[in-house]
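Below: one structure, written as structure tokens.
The values are calculated or read from the model by the stated rules, or taken from the named source; none is laboratory data. Worth saying up front: this structure is predicted, and the values here are computed from it rather than measured. We place every Cβ from the backbone using ideal geometry, glycine too, and count neighbours over all the protein chains shown.
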Amino acid sequence: MAASIFLIIFIVQAIAEKRILLNDPALLQSQIHALESKVEDVATKNSDLFTKYTEQSGKYTELSTKCNDQSIQFTDLSTKFTDLSTKYNTLMTNSNAGGVFIRWERKDCPGNNTELVYSGFAGGSWPDHTGAAAEFVCLPRDPDLTTKFTSSGAFMYGSEYDSTDFGHENGDDLPCSVCRSTVQPSVLMIPGKSSCYDGWSMQYHGDLAAGYYSSHAATQYICLDEHPEALIAGQRNDNGKFFYPVKAVCGALACPPYHNDRYLTCVVCTK
């Protein structure tokens, strides 16, 4: 009984002391100061975070500005590149460095980035003149002639088919055309081939031809187009510079790859 009374008295005293502590102004003031200190700490950290955010935001703005500047510079460079590329293509298309070649037996050029310089007549020397010029030439249709000389030391004749080997009658005259590649400066005639090597563009192909072997006048090898034409009103057999297909002769010429009595093809290529 006495113990119970003592426990009740202890509990009552503890409750009273707690009430005294809750009503203690010093304790409340201390707790308020602690809360104020925490609030100040939070405010300081918030201010620091805001300052860092402002700095990062400024850096982001600076980077964004630099990025925009780089984008503008890239656009300018891209525009300049496009302009230069256009100018380069224009120069390549209109360049005066294009290779020139003669398309024998044809009045036109083969296309494939070529332009016609002029269309004319195949000509050259008389086959039995021992001192005659060797070359075949492509004579223009609008010659500029003169009468200021009186000698008779050199002559120009027209050219004829002297057989039906090329699909035309004996006496038919040969046309020719002078062509220029508008993009490729190098020209190569390859005897014995009907196609170009890698990296080269074919302008035309056909049959290798030269003058008659027993004629006194020297000639040269030229490439006649595979689709030969003849000049209008040139059928009369007047002779002149002749064209004959070229036949392989084994011996010093390696056979194979060449074969005796077979005729050689040819191709004109540009690069």
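Annotations
- Odd one out for Ser194, checked against (1) of a type outside the set (A, V, I, L, M); (2) modelled with pLDDT under 85; (3) over 15 Å from Arg103 (Cβ atoms): (2)
- Residue check for Tyr197: of a type in the set (Ser, Thr, Tyr) and free of Cβ contacts under 8 Å to residues at least 40 places away in the same chain: no
- Note on segment 85-116: among residues that are modelled with pLDDT of 70 or more and in contact with a Pro (Cβ under 7 Å, 6 or more places away or on another chain), the one that is nearest to Pro140 (Cα to Cα) is Lys107.
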